[in-house]
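So the structure is just underneath, and the comments pick up after that.
The values are calculated or read from the model by the stated rules, or taken from the named source; none is laboratory data. Note that this is a predicted model, so its numbers are computed, not measured. FYI the Cβ positions are ideal-geometry reconstructions off the backbone, even for glycines, and counts take in every protein chain you see. With ligands, DNA and RNA removed, areas are computed over all heavy atoms of the protein, side chains included. Shrake-Rupley method; radii C 1.70, N 1.55, O 1.52, S 1.80 Å.
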Amino acid sequence: MNTRTKVGIDQLCIGMHVKLDGWVGHPFLFSSFKIKDQKQLDTLRSLGLKEIEYLPQKSDAKPLPIPVQPAAPAAPAVEATAMDELMKQKKERIESLRQEMAQIQAAERKYVKTANAVKNVMRLANNNPAQAAEQANEIAAQLSEIFLARQNPFIHLMGDNASDSSSHFHSLNVTMLALILAHAVGIEDAQTLRDIAQGAMLHDIGKVMVPSQVLLKDEELTPSETKLLEMHPGYGIKLMQPVEALPRRVREIILFHHEMADGSGYPKGLKGDEIDQAVRIVTIANTYDNLCNQRVSARCKTPSEALSFMYKTEGAKYDKTLLSAFIKSMGIYPPGTIVMLKSGKVGIVMSIDSSDLLHPNLMLYDAAIPKNQAAIVNLRRDLDDSVDRTLRPAALPKPVFDYLSPRKHISYFVENAGSA
């Protein structure tokens, strides 16, 4: 637990961690921070405060000795015009934060619209597979266009209001993740990207023929139920068999997305290069989403745990080159990860820029800032800080949990860095 005490304003020095009351009456982006330079120190001394709260455990320096006698009146450390400029910069940063949140909300609206289109594909599968395939191809074309632009993909975490555990959200998640991986390994051919996206969207289409009591069962499946579930790739290819225009690669994704590199998968026990690269890509995306989004929330892994499990525990099941590329593309701290920074701040990773994976964008907990104005900051641009460790949502104190709202379902949407 952090000990807090008051110190005189003239005892401040660089390296001390301080906490200000409120948020609007000062020019700093955060109310609690470590003094990192003389400019911050001068600004603090210009706020007209006699004392300030000091957190020893978070500090790298101790307060200066109390002066023997009061110092003679001096000119303000920061002139009024300079203070006005700092406040202006803060207001501009707040407006920038507002715009960034608006962009995330816009991405969520696009995500929901796309998910509804995918839902319609699933509805059509039984009675009109040709139309389902056609609509899936149209959606695939739109999504693959994002990755054909000469810009780095910007991966957003979606809010729980934009996703749930329904099968069409799973299909869309797998599609986005498969395209992220395809981009990461340098696939630039438009038709190949479209095939991967269409195949990922349709990969579980055969589950429409699996009894709902099996699909929705929370307990472990019986051997007979497991065998029935494992028939869904065959059901899927049977549904799509009459669709002559469906590309070969898409058919293979539907039939073989549970085949594993070590031969332990189904339905045919294929291994290694017997499995098309596009199928291997979708398999990795499918596994990651299944690990993060299980029906029983207690079984869900955090994004970091899911990647670690795939690499350390099940590494032999996947194409090593593709798995390494996937882990790299999702970053050390994938969106949805709860992190504690060296400073003690806690936040949730909201988005990553594939060109700067070590510095994700975070929403930070700060009790002094209203939740609807929560700061979304970049580790490189806004903070002199770094990640200390990741946290499980269950380990968060209730006020922090409620503020950050860890996602029950981890879903992503991708835009070009230039439009994000």
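Summary of computed values
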read-out	value
Candidate set: segment 337-358, residues that are open to solvent by less than 10 Å² (accessible area, probe 1.4 Å) and among the small types (G, A, S); chosen: the one farthest from the chain's Cα centre (by Cα)	G347
Matching residues in segment 260-318 - criterion: being over 24 Å from the mean Cα position of the chain (by Cα) and more than 22 Å from T226 (Cβ to Cβ)	G272, D273, E274, D276, Q277
First in segment 89-113 and touching a residue at least 60 places away in the same chain (Cβ under 8 Å), second anywhere and open to solvent by less than 50 Å² (accessible area, probe 1.4 Å) and assigned to a helix (DSSP H, G or I), Cβ under 6 Å, 6 or more apart	E108/A162; Y111/A162
Within segment 223-263, helices (runs of 4 or more DSSP H) holding 1 or more residues that are without any contact (Cβ under 8 Å) to a residue 24 or more places away in the chain and open to solvent by 10 Å² or more (accessible area, probe 1.4 Å)	223-229, 248-256
Failed item, numbered, when Y318 is tested on (1) surrounded by fewer than 17 Cβ atoms within 10 Å (Cβ to Cβ); (2) closer than 22 Å to I187 by Cβ	(1)
Pick from segment 34-59, criterion outside any strand (DSSP E or B) and over 21 Å from E85 (Cα atoms), ranking: most open to solvent (accessible area, probe 1.4 Å)	K50
Subset of segment 1-33 [in contact (Cβ under 8 Å) with a residue 60 or more places away in the chain, surrounded by fewer than 18 Cβ atoms within 10 Å (Cβ to Cβ) and of a type in the set (G, A, S)]	G22
Of residues in segment 142-169 being open to solvent by less than 20 Å² (accessible area, probe 1.4 Å) and small (G, A, S), the one modelled with the highest pLDDT	S144
Flag if E108 is in contact with a Gly (Cβ under 7 Å, 6 or more places away or on another chain), of a type in the set (D, E, K, R) and farther than 25 Å from E244 by Cα	yes
Of the criteria (1) part of a loop (DSSP other than H, G, I, E, B); (2) within 24 Å of Y111 (Cβ to Cβ), which one E220 fails	(2)
Residue list for segment 132-160, restricted to those being more than 15 Å from V250 (Cα to Cα), over 20 Å from the mean Cα position of the chain (by Cα) and in a helix (DSSP H, G or I)	Q142, E145, L148
Every residue from segment 371-391 that is at pLDDT 80 or above and open to solvent by 40 Å² or more (accessible area, probe 1.4 Å)	K371, S386, D388, R389, T390
Candidates A285, A278, A368, A316, filtered to the one that is touching a Leu at 6+ places or on another chain (Cβ under 9 Å) and farther than 30 Å from K398 by Cα	A285
Residue that is most open to solvent (accessible area, probe 1.4 Å), among those in segment 170-204 that are part of a loop (DSSP other than H, G, I, E, B) and at negative phi	E188
Residue that is farthest from K328 (Cα to Cα) [pool: residues in segment 264-292 that are hydroxyl-bearing (S, T, Y) and open to solvent by 30 Å² or more (accessible area, probe 1.4 Å)]	Y266
Residue under evaluation A394, criteria (1) within 15 Å of C300 (Cβ to Cβ); (2) open to solvent by less than 60 Å² (accessible area, probe 1.4 Å); (3) in a helix (DSSP H, G or I), criterion not met	(2)
Members of segment 113-133 that are surrounded by fewer than 18 Cβ atoms within 10 Å (Cβ to Cβ), touching a helix residue (DSSP H, G or I) at 6+ places or on another chain (Cβ under 7 Å) and either under 13 Å from G159 (Cβ atoms) or among the small types (G, A, S) (or both)	A117
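Listed here are the residues, each with its yes/no results for (1) within 30 Å of Q57 (Cβ to Cβ); (2) at pLDDT 95 or above; (3) open to solvent by 30 Å² or more (accessible area, probe 1.4 Å).
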{"site": "Q294", "(1), (2), (3)": "no, no, yes"}
{"site": "K301", "(1), (2), (3)": "no, no, yes"}
{"site": "M310", "(1), (2), (3)": "no, yes, no"}
{"site": "F326", "(1), (2), (3)": "no, yes, no"}
{"site": "S329", "(1), (2), (3)": "no, no, no"}
{"site": "I332", "(1), (2), (3)": "yes, no, yes"}
